[in-house]
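The numbers here are math on the coordinates, done by the rules we state, and not lab data. As the structure is a prediction and not an experimental result, all values here were calculated from the model. Cβ atoms come from the backbone with ideal geometry, glycine included; neighbour counts cover every protein chain shown.
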Amino acid sequence: ASQKYAGAQSNLGALLNKKEEIEEAEKFYRMAADQGLAVAQFNLGALLLHEKGEIKEAEKFYRMAADQGLATAQNNLGALLLNKKEEIEEAEECFRMAADQGLAVAQSNLGALLHEKGKSKKQTNVIDLPFFKEIDWQQIISQHSLE
C-alpha cells in the first residue's frame, strides 16, 4: 500500500473497514480512489454515506465509479438520486445501466421505478417506497477485496 498500488490500498481499506477502523479505512480508500480505482471509489462512497452521513461526498464517489461502469455504484447512485425529485430520470438511467450488466437488485429497482412511474403521471418522491434497495455495501466490500 505504501508503494501507491491502488489495489493494495483498497484492500487495506476494506480490511480496516471490517475492523471498524473507519478513519483509517477512509484514508486508504481515498488513496486508491484518487488513483481512479472504481472499487475504491464505490467503497469510499458507501463508507461516507453509511458511516459519516456525507451524502454529497458519497454521491461524488459513487458517480466516479458509476462513470467507469461499476454496476454496484450505478445502482447505489440511482438509489441516492431518488431523494431528489428532479433526479428521477437520472436514477432510472443509473438503474438501467446496472440492470443491463445483470445486477439483479438494479433490475428490481428499475422495474419498481418504472411501475411507480406508470401508476402516476406526476413525479413523486419514490425513495419513500420500501422496495428500492441499495447494495449491501459490506457484502460488496468482501467481494471486491483481494483482487
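With Cα atoms as the point set, region 1-106 shows a radius of gyration and Dmax of 13.7, 44 Å.
The phi-based Karplus calculation (6.51 cos²θ - 1.76 cosθ + 1.60; θ = phi - 60°) puts the 3J(HN,Hα) values of region 51-68 at 9, 10, x, 8, 5, 5, 5, 4, 4, 4, 6, 4, 5, 4, 5, 5, 5, 8 Hz, whole numbers, x for Gly and Pro. Spin-label model, residue 18 to residue 60: label points 7 Å out along the Cα-to-beta-carbon direction sit 2.9 nm apart. Remark: spin-label model distance residue 114-residue 84 equals 2.4 nm, labels positioned 7 Å along the Cα→Cβ axis. Here the Karplus curve 6.51 cos²θ - 1.76 cosθ + 1.60, taken at θ = phi - 60°, turns the phi angles of region 39-46 into couplings of 4, 5, 4, 4, 5, 5, x, 5 Hz, with x standing for Gly and Pro.
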